[in-house]
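Comments concern the structure below.
The values are calculated or read from the model by the stated rules, or taken from the named source; none is laboratory data. None of the values given here were measured: they were computed from a predicted structure. FYI the Cβ positions are ideal-geometry reconstructions off the backbone, even for glycines, and counts take in every protein chain you see.
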Amino acid sequence: MWKCPKCGRSFKNRNQDHYCGQPPKTIEEYIQRQPEEFGPYLRQVNAAIKAALPDAVEKISWSMPTYWKKVNLIQFAAFRKHIGLYPGPEAVEAFSHQLQGFKTSKGTIQLPYDKPLPLELIGEIAQWCRNAFGGSTDLNP
Ligand SMILES: [Zn+2]
């Protein structure tokens, strides 16, 4: 564990890259704080998820952009070489076939910046998460 001397937060890796001030409050704020060159990628991923989940709430949870409905349905985060997509282990398992060629680990999919973003697939995964964990899609519950 390493504790940042400036903000006092603890991290697994020494000198972990992070924002020392208040955490961002909105997804757009989060994206604005990332290196400029990542912005277009993050906005595309965000737009794909947003279009797939019109009834989910956008928020920041665990310092990550999050789409929420009853539970955190899907989250993402920017890294130096990839975007991490966090739909949960069940979704990664369910889409393992379509995700061949992408690095995955338990509940996480790595979307490298140097590969075309599978935006359609990201939307499908987001919808899968909503159907699995977000309850009914009925607009008048
Ligand atoms: Zn800090």
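Listing for the model above:
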{"quantity": "Index of the failed condition, Leu117 passing every other in (1) in a helix (DSSP H, G or I); (2) farther than 24 Å from Lys6 by Cβ", "calculated": "(1)"}
{"quantity": "Flag if Ile83 is closer than 27 Å to Glu36 by Cα, out of contact with any Lys or Arg (no Cβ under 8 Å at 6 or more places or on another chain) and of a type in the set (A, V, I, L, M)", "calculated": "yes"}
{"quantity": "All positions within the stretch 6-25 that are within 9 Å of the ligand (Cβ to nearest atom), within 17 Å of Met64 (Cα to Cα) and part of a loop (DSSP other than H, G, I, E, B)", "calculated": "Arg9, Gln16, His18, Tyr19, Cys20, Gly21"}
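Each row is one residue, and each column tells you yes or no for (1) in contact with a helix residue (DSSP H, G or I) (Cβ under 7 Å, 6 or more places away or on another chain); (2) modelled with pLDDT under 95; (3) at positive phi.
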position: Asp17; (1), (2), (3): no, yes, no
position: Pro24; (1), (2), (3): yes, yes, no
position: Gly39; (1), (2), (3): yes, no, no
position: Asn46; (1), (2), (3): yes, no, no
position: Lys50; (1), (2), (3): no, no, no
position: Leu53; (1), (2), (3): yes, no, no
position: Ser61; (1), (2), (3): no, yes, no
position: Ser96; (1), (2), (3): no, no, no
position: Lys103; (1), (2), (3): no, no, no
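Each row is one residue, and each column tells you yes or no for (1) out of contact with any Leu (no Cβ under 8 Å at 6 or more places or on another chain); (2) not basic (Lys, Arg).
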{"residue": "Leu73", "(1), (2)": "no, yes"}
{"residue": "Phe79", "(1), (2)": "yes, yes"}
{"residue": "Tyr86", "(1), (2)": "yes, yes"}
{"residue": "Ala91", "(1), (2)": "yes, yes"}
{"residue": "Gln98", "(1), (2)": "no, yes"}
{"residue": "Thr108", "(1), (2)": "no, yes"}
{"residue": "Lys115", "(1), (2)": "yes, no"}
{"residue": "Ile125", "(1), (2)": "no, yes"}
{"residue": "Trp128", "(1), (2)": "yes, yes"}
